[in-house]
Every structure is written in structure tokens, then in C-alpha cells.
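As C-alpha cells, the structure follows; a few thoughts come after it.
The values are calculated or read from the model by the stated rules, or taken from the named source; none is laboratory data. Computed from a predicted model, the values in this text were never measured in an experiment. Ideal geometry is used to build each Cβ from the backbone, glycine not excepted, and the neighbour counts take in all protein chains shown. Side chains included, ligands, DNA and RNA excluded: accessible areas come from the protein's heavy atoms. Shrake-Rupley method; radii C 1.70, N 1.55, O 1.52, S 1.80 Å.
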Amino acid sequence: LHLSEDEPAVPAQFEAFLQGLEPGTTLVLLGDVFDAWAGRGQAKTAFAAQVLDGLRRATDRGVRLAFLGGNRDYLFEGAPGLAIDMWPEVVRTRWGERTVVLSHGDLLCTADVPYQRARRFFRAPAGFHLMRALPFWVMQRVARRARRISKTAQRTKSRVEVGLDYGEVRRWLEGYEADALVLGHVHTGVHQRLAGSPARDVYVLRDWQAFPNHVTFDGRTIRLARVP
């Protein structure tokens, strides 16, 4: 999603999407809901409060929410009055007869060695607590700088560095004894069926700025689909 004030059309589309969810639906947010989340103080800002209110209204109608962190918002820990399940960065679950692995996806970009080193530091307990301890105004500056660095890196790094390691994808699927993987992060918006026995499926979400979409399970079929 990468929700921000800079692109108001995307938050409006997301709000409309939330309003259309049926009671009893489970909505799993695979990270990077916000373009950046700088800590608990952000929940008090006008824009974040608006997004969080939309999520609260969805839960009031009987929608179950779950969240696992992305590289932009791994510091998100929920918000007062918001009923949301906080999940670990990799989740193995069952959708009907399918065993599905859910993750943000950045762990699978193994060729981007500098990013993976930084990720290990900031996700480790010491790095995480350091980020939480900094004043919110400092974290806002850190987040803005991180966004600039990220945009520059996307332009300069090779496609291999910023893409998925499909060897690692296959090892995940085999290791978790799963037949489907759902992720985001690389924003390719593809459904790929990996060759082999059994055949395994990879669903990669697209960024909503380009193509509002979601992965759905209706009780029978998993589908990567455009949000109407």
C-alpha cells in the first residue's frame, strides 16, 4: 500500500476497499501499509489517525485484522482501540486444503547483501529497542532519510539484487511443506506456478499506486485479483 499524504488517491481507494469487506472476512496486511512508520507517536498524526480509524470501523463491522511488518513499518505495534493480531514475519497457515506461507517478502531478496545486513541489525532486539527509544521527531527524520536512500537504491541496484531469489523461495516452500507463498515487497504483481511435483504457487502483490490488488481465498480458490 505505502499509504502517504503525498498520494491521496491510494488511501481513498483503501478506505473504499475496507468498506466493501464482508463481516467475517479476515484481512491480512503484509507490511508496508504505511510508506513509513516512525514509532508510536505517528498514531497521533492526522493522516495516520485517519487510516487507523478506517481500520477500526472495519473491525467494528466484524472484519478480523492481522498484520506482519514490512521494511517500512516493522515498528508498527498496533494502536489504541484497534483490534489487530500482530503476527511474526513469516506465517504458515491453512486455507482450506492449501498450506500457505505469508511474509512481506524482503527476506527473499537475498542478493541485496547490504540491505540484508542492515535488516538483521534493525530487526534484532537491540536495534528494535534503539529505534523505539528515539524521540518521535528524530524517527521522522530517520524515516524520511531512509525513504530517500531506498528510492536511490532502487534506481542503482540491479534487477537481481532487488528481485526474489527463487531458489530460496523453493527452499521456503519445501521447508514449510507448503504449496503456496503470498508476499509483496518486490511489487511485480504476478502469479507464478513453480515446476515440480507437487506444483507450487507464488503470488506477489503489486503496489497500489500502480495497480490496486489483493490475494483472495474464497473457500475454494486462491486468486491474485484487482480490487474493484
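Right, F121: out of contact with any Lys or Arg (no Cβ under 8 Å at 6 or more places or on another chain), free of Cβ contacts under 8 Å to residues at least 60 places away in the same chain, of a type in the set (F, W, Y) and buried (at least 16 other Cβ atoms within 10 Å of the Cβ) or not? When the stated conditions are applied, F121 does not pass them.
Results for (1) in contact with a strand residue (DSSP E or B) (Cβ under 8 Å, 6 or more places away or on another chain); (2) at pLDDT 95 or above; (3) among the polar types (S, T, N, Q), shown as yes or no for each residue.
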| position | (1), (2), (3) |
| --- | --- |
| E5 | no, no, no |
| Q13 | no, yes, yes |
| G54 | no, yes, no |
| G62 | no, yes, no |
| N71 | no, no, yes |
| W87 | yes, yes, no |
| R92 | yes, yes, no |
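Beta carbons closer than 8 Å, at least 6 apart along the sequence or on distinct chains, never pair a first residue in region 159-171 that is more than 17 Å from V90 (Cα to Cα) with a second that is open to solvent by 60 Å² or more (accessible area, probe 1.4 Å) and of a type in the set (V, I, T). If we keep just the residues of region 124-146 that are within 12 Å of Y74 (Cβ to Cβ) and either free of Cβ contacts under 8 Å to residues at least 24 places away in the same chain or of a type in the set (G, A, S) (or both), which is surrounded by the most Cβ atoms within 10 Å (Cβ to Cβ)? Selected residue: A143. Considering only region 164-178, how many residues are over 19 Å from the mean Cα position of the chain (by Cα), surrounded by 15 or more Cβ atoms within 10 Å (Cβ to Cβ) and not in a helix (DSSP H, G or I)? Final tally of qualifying residues: 2.
Quick grid of which residues meet (1) in contact (Cβ under 8 Å) with a residue 24 or more places away in the chain; (2) closer than 20 Å to P125 by Cα; (3) among the polar types (S, T, N, Q):
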position	(1), (2), (3)
F14	yes, no, no
V28	yes, no, no
D35	yes, no, no
G70	yes, yes, no
P80	yes, no, no
P88	no, yes, no
G96	yes, no, no
T99	yes, no, yes
C109	yes, no, no
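All told, V190 falls short of being more than 30 Å from A43 (Cβ to Cβ), out of contact with any helix residue (DSSP H, G or I) (no Cβ under 9 Å at 6 or more places or on another chain) and at pLDDT below 80. Find the residue count for region 86-111, including only residues that are in contact with a Phe, Trp or Tyr (Cβ under 7 Å, 6 or more places away or on another chain) and either open to solvent by 50 Å² or more (accessible area, probe 1.4 Å) or within 25 Å of D53 (Cα to Cα) (or both). Result for region 86-111: 3. Within region 1-47, the set of residues being over 25 Å from V100 (Cβ atoms), open to solvent by 40 Å² or more (accessible area, probe 1.4 Å) and not polar (S, T, N, Q) comprises E5, D6, E7, P8, A9, A12, E15, A16, R40, K44, A46.
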